[in-house]
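Working notes, beginning with the structure itself.
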Amino acid sequence: MRLRQYVARCHANPKPADATPKHLAGSSKTYTQAQIDDGFNPPDWYPQDHPPMPDVVAHGRKDVEARACALCHLTSGGGHPESAGIAGLPAGYIIRQMQEFKSGARKGARAVAMLPISKALNDADFKAAAEYFAALKAPVWYKVVETDMVPKSYLGNGAMRFPVEHGGTEPLGNRIIELPQDDESAESRDPRVGFVAHVPPGSIKKGEAIVTTGGGGKTIACAICHGPDLKGVGDIPPIVGRSPMYVYRQLNDIKIGTRTGTMTPLMKGVVEKFTDDDMIAIAAYLVSKGP
């Protein structure tokens with residue numbers, strides 16, 4: 001499988017570094033971009049929105065070069081397209097994923113960022129972070145749009161894609177492109193404003209057929225394991241309302257064998273007949289359902 005199926009062509013980043021203090025509506029805080037991107041002290045724009053953060057979430061462990069969880073996953077757990085939304089996931093599931101990153105059982109296109117962090121942290125850190133994010137309500141983080149054309153974009157700050165100013169559009173093709181609902185909010189790691197997922201026309205309906213019926217014998221209905229509302233059962237995670245790029249990555253990683261682990265064998269047979277189109281459609285349908 002080729003990850004380029006959902007990654008846009010890279011355009012040069014036209015924006016220079018900005019040292020101006022930034023503000024967000026409804027927040028009394030100010031941060032420069034350098035402070036926003038500080039891996040060991042990322043911004044907490046709205047402390048009133050969440051319970052007290054464990055130190056590993058708020059600051060990480062600088063002594064072992066393990067960056068703060070909130071840097072990529074945000075204080076809300078909403079995450080960015082290059083990471084994952086983890087708010088509301090079962091604590092046991094989060095702990096198991098951290099252990100599998102640490103053991104090397106879970107690899108893949110974006111797992112490389114988690115490998116050194118997981119190896120540097122201990123079980124107490126895993127538990128503290130997992131319990132914090134599990135207690136959060138998953139935000140409504142994505143708008144999904146079926147379209148033939150998408151704004152031209154570039155890979156910018158935080159490994160996120162941003163539209164090229166006055167850059168026009170280009171064919172979406174067989175891809176998923178996630179762009180911020182507001183560029184400034186995304187660059188500022190705003191935990192209240194999410195993203196727009198652009199998906200090919202017809203994806204949602206096609207994905208619904210696969211997810212709900214198994215696609216005529218191609219697989220099994222997702223509700224068998226993930227529950228009738230697809231919001232998870234026990235330590236089996238919810239799959240609705242999540243980044244479609246993330247969902248695609250996980251399906252693809254399981255299919256090609258870069259993601260293994262305790263529960264992965266149960267998914268191996270589920271994904272083995274999927275095409276790229278199928279995985280894009282499944283991801284589009286699941287995000288359209290909301291968390």
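The values are calculated or read from the model by the stated rules, or taken from the named source; none is laboratory data. All figures in this text were calculated on a predicted structure; none of them were measured in a lab. Heads up, the Cβs are rebuilt from the backbone with ideal geometry, glycines too, and the neighbour counts pull from every protein chain shown. All accessible areas refer to the heavy atoms of the entire protein, side chains included, with ligands and DNA or RNA removed. Shrake-Rupley method; radii C 1.70, N 1.55, O 1.52, S 1.80 Å.
Can you find a residue that is of a type in the set (Val, Ile, Thr), open to solvent by less than 40 Å² (accessible area, probe 1.4 Å), part of a loop (DSSP other than H, G, I, E, B) and over 16 Å from Val193 (Cα atoms) anywhere in the stretch 25-32? Among the residues of the stretch 25-32, at least one is of a type in the set (Val, Ile, Thr), open to solvent by less than 40 Å² (accessible area, probe 1.4 Å), part of a loop (DSSP other than H, G, I, E, B) and over 16 Å from Val193 (Cα atoms), which makes the answer yes. For the stretch 249-291, the tally of residues that are under 19 Å from the mean Cα position of the chain (by Cα), under 16 Å from Arg110 (Cα atoms), β-branched (Val, Ile, Thr) and part of a helix (DSSP H, G or I) stands at 1.
Mind listing whichever residues of the stretch 227-244 are aliphatic (A, V, I, L, M), modelled with pLDDT of 95 or more and either under 23 Å from Pro180 (Cβ atoms) or open to solvent by 20 Å² or more (accessible area, probe 1.4 Å) (or both)? Step through it out loud before you land on a result.
At the first step, the residues of the stretch 227-244 found to be aliphatic (A, V, I, L, M) are 230, 233, 236, 239-240.
Filter again for modelled with pLDDT of 95 or more, leaving 230, 239-240.
Within the stretch 227-244, Ile239, Val240 meet the criteria.
Checking Ile224 against (1) open to solvent by 40 Å² or more (accessible area, probe 1.4 Å); (2) closer than 25 Å to His198 by Cα, only one condition comes out false. Which one? Answer for Ile224: the failing condition is (2). Could you look through the stretch 256-281, keep only residues that are among the basic types (Lys, Arg) and open to solvent by 40 Å² or more (accessible area, probe 1.4 Å), and pick out the one that is modelled with the highest pLDDT? Across the stretch 256-281, the extreme among qualifying residues is Lys273.
When the stretch 98-146 is filtered for residues that are touching a residue at least 60 places away in the same chain (Cβ under 8 Å), within 16 Å of Ala84 (Cα to Cα) and either of a type in the set (Phe, Trp, Tyr) or in contact with a Ser or Thr (Cβ under 6 Å, 6 or more places away or on another chain) (or both), the ones remaining, listed by number, are Lys107, Gly108, Tyr132, Phe133, Pro139, Trp141, Tyr142.
The single condition among (1) without any contact (Cβ under 8 Å) to a residue 40 or more places away in the chain; (2) out of contact with any Lys or Arg (no Cβ under 9 Å at 6 or more places or on another chain) that Met160 does not meet is (1).
For the stretch 135-156, the condition holds for no residue, the condition being that it is under 16 Å from the mean Cα position of the chain (by Cα), crowded, with 18+ Cβ neighbours inside 10 Å and part of a helix (DSSP H, G or I).
Residues that are of a type in the set (A, V, I, L, M) and in contact with a helix residue (DSSP H, G or I) (Cβ under 6 Å, 6 or more places away or on another chain): find the helices (runs of 4 or more DSSP H) completely inside the stretch 178-248 holding 3 or more of those. If you could, list the steps in order and put the result at the bottom.
Values: elements: 183-187, 203-213, 223-226.
Per the criteria, 203-213.
A residue that is open to solvent by 30 Å² or more (accessible area, probe 1.4 Å), part of a loop (DSSP other than H, G, I, E, B), in contact with a helix residue (DSSP H, G or I) (Cβ under 7 Å, 6 or more places away or on another chain) and under 22 Å from His23 (Cβ atoms) cannot be found anywhere in the stretch 65-79. Restricting attention to the stretch 90-106 and to residues that are surrounded by fewer than 17 Cβ atoms within 10 Å (Cβ to Cβ) and part of a helix (DSSP H, G or I), the residue that is modelled with the lowest pLDDT turns out to be Ser103.
Just to verify a result, which residue in the stretch 157-173, among those that are part of a loop (DSSP other than H, G, I, E, B), modelled with pLDDT of 95 or more and of a type outside the set (Val, Ile, Thr), is surrounded by the most Cβ atoms within 10 Å (Cβ to Cβ)? Working first, answer last.
Step one: list which residues in the stretch 157-173 are part of a loop (DSSP other than H, G, I, E, B), which gives 160, 164-168, 172-173.
Those left that are additionally modelled with pLDDT of 95 or more: 164, 168, 172-173.
Next cut, of a type outside the set (Val, Ile, Thr) only: 168, 172-173.
On the way: Gly168: 9, Leu172: 20, Gly173: 12.
Restricting to residues being part of a loop (DSSP other than H, G, I, E, B), modelled with pLDDT of 95 or more and of a type outside the set (Val, Ile, Thr), the top hit is Leu172.
Which residue out of Ala109, Ala113, Ala124, Ala128 is open to solvent by 20 Å² or more (accessible area, probe 1.4 Å) and over 18 Å from Arg67 (Cβ atoms)?
On the way: Ala113 fails: over 18 Å from Arg67 (Cβ atoms); Ala124 fails: over 18 Å from Arg67 (Cβ atoms); Ala128 fails: over 18 Å from Arg67 (Cβ atoms).
So the residue among Ala109, Ala113, Ala124, Ala128 that is open to solvent by 20 Å² or more (accessible area, probe 1.4 Å) and over 18 Å from Arg67 (Cβ atoms) is Ala109.
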